[in-house]
Amino acid sequence: MIPSKTRGFIRRIGYAFGSLRMLSLFYAFLIPLFLYIRFHLALKSAVFYHLPFSTADAFVAVSDPSFFALILVPMTLFFVCLLIRHDFALTAVLRGRHKARIFLRQVLTIALYLLAFILYTGVWTGVFARFYCTGGVNWDQLASLYFLSTKQTTLQPLWRILLAFFISSFLSLLAANALLLLLRWTTDRYILSWILLLTVCVVDSKTEKGLFFFPSGVWYDNWASPWPIERVFLLPLVCLAAILILGVWYAKRKDFLHG
């Protein structure tokens with residue numbers, strides 16, 4: 001027997017996603033299309049330098065800020081805006097009773113969506129890698145894109161590269177979308193969130209080190225650092241913790257009747 005609160009939460013999750021089924025189907029088609037284009041560009045670069053293109057290179061290509069920050073991040077932000085669009089109606093707030101719980105429930109809903117988004121993206125990346133890549137990892141060889149980018153070699157198991165990709169991508173997207181949610185709570189508008197987050201996305205894609213998505217991703221330079229790759233989880237985790245604390249604090253004081 002599922003407790004009523006749990007059953008109610010599952011029902012709300014199903015309603016939120018169910019009302020976006022057409023957009024979900026559109027994304028289901030759009031994501032592999034964008035990934036195919038990114039694969040084509042990355043593979044073209046490998047062919048130009050007469051270098052093999054490995055599965056590890058494929059996942060690094062997806063985490064490239066020029067693709068991750070400018071394509072995947074805005075896609076999730078737009079979906080989340082629609083996902084939570086009914087949560088701020090006065091009837092929904094009164095039904096939720098505890099405003100801090102509403103905020104935390106929204107974060108959990110967003111996290112579930114992003115988990116599915118990253119898994120779906122990863123599956124398609126693996127599918128394309130199966131057909132276009134020449135092996136698992138070749139970063140220990142001079143004839144590799146890793147050496148071309150870093151002038152170093154490294155011996156890394158494929159499972160660690162994949163795990164780092166999934167965790168870093170999930171945390172980065174969750175921190176970005178949680179910030180969107182926090183700014184929506186504090187300003188009652190989405191415009192400030194979009195301006196701020198798109199600015200970070202553009203800066204990360206155009207500068208060498210970036211502000212957020214570059215230092216939080218599994219790009220070649222981050223693997224070449226003497227510090228463990230797991231350090232890339234720290235920045236989004238700190239940002240996410242700060243957002244959760246601020247969000248709960250503000251939600252308790254939010255006045256929907258007169259604000």
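Confirm whether D87 is farther than 30 Å from L182 by Cα and among the acidic types (D, E). No; evaluated as a whole, the condition is false for this residue. The conditions of being surrounded by fewer than 21 Cβ atoms within 10 Å (Cβ to Cβ) and in a loop (DSSP other than H, G, I, E, B) are not met by L148. Here is the figure for segment 125-158: residues that are under 14 Å from A58 (Cβ atoms) and of a type in the set (S, T, Y) total 5.
If we keep just the residues of segment 201-259 that are open to solvent by less than 20 Å² (accessible area, probe 1.4 Å) and β-branched (V, I, T), which is nearest to T76 (Cα to Cα)? Selected residue: I243. Candidates in segment 207-259 are the residues that are closer than 23 Å to L180 by Cβ and among the small types (G, A, S); of these, the one that is modelled with the lowest pLDDT is G259.
Contact annotation: residue pairs with Cβ atoms under 8 Å, 6 or more positions apart or on different chains, pairing a residue in segment 104-129 that is touching a residue at least 40 places away in the same chain (Cβ under 8 Å) and polar (S, T, N, Q) with a partner that is open to solvent by 30 Å² or more (accessible area, probe 1.4 Å) and not in a helix (DSSP H, G or I), are Q106/D87.
The single condition from (1) over 22 Å from L234 (Cβ atoms); (2) free of Cβ contacts under 8 Å to residues at least 24 places away in the same chain; (3) surrounded by fewer than 16 Cβ atoms within 10 Å (Cβ to Cβ) that P74 fails is (2).
Conditions (1) modelled with pLDDT of 95 or more; (2) open to solvent by 60 Å² or more (accessible area, probe 1.4 Å); (3) closer than 16 Å to A58 by Cα, marked per residue:
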residue: R97; (1), (2), (3): no, yes, no
residue: R101; (1), (2), (3): no, yes, no
residue: V123; (1), (2), (3): yes, yes, yes
residue: R160; (1), (2), (3): yes, no, yes
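The listed residues are F117, F166, and the only one of them that is open to solvent by less than 50 Å² (accessible area, probe 1.4 Å), assigned to a helix (DSSP H, G or I) and not small (G, A, S) turns out to be F117. Is it the case, given these coordinates, that T187 is over 20 Å from the mean Cα position of the chain (by Cα) and among the β-branched types (V, I, T)? Considered against the rule, which asks whether it is over 20 Å from the mean Cα position of the chain (by Cα) and among the β-branched types (V, I, T), T187 comes out as yes. Taking the criterion of being under 14 Å from A42 (Cα atoms), open to solvent by 30 Å² or more (accessible area, probe 1.4 Å) and either in contact with a Leu (Cβ under 7 Å, 6 or more places away or on another chain) or in a helix (DSSP H, G or I) (or both), the only residue of segment 132-145 that qualifies is Y132. P65 fulfils the conditions (1) surrounded by fewer than 21 Cβ atoms within 10 Å (Cβ to Cβ); (2) modelled with pLDDT under 90 except for a single criterion, (1).
The values are calculated or read from the model by the stated rules, or taken from the named source; none is laboratory data. The model shown is predicted, which means the values in this text are computed figures rather than measured ones. Positions of Cβ are backbone-derived with ideal geometry, glycine not excepted, and every protein chain shown enters the neighbour counts. Ligands, DNA and RNA are stripped out before the accessible areas are found, and what is left, the full protein with its side chains, is counted by its heavy atoms. Shrake-Rupley method; radii C 1.70, N 1.55, O 1.52, S 1.80 Å.
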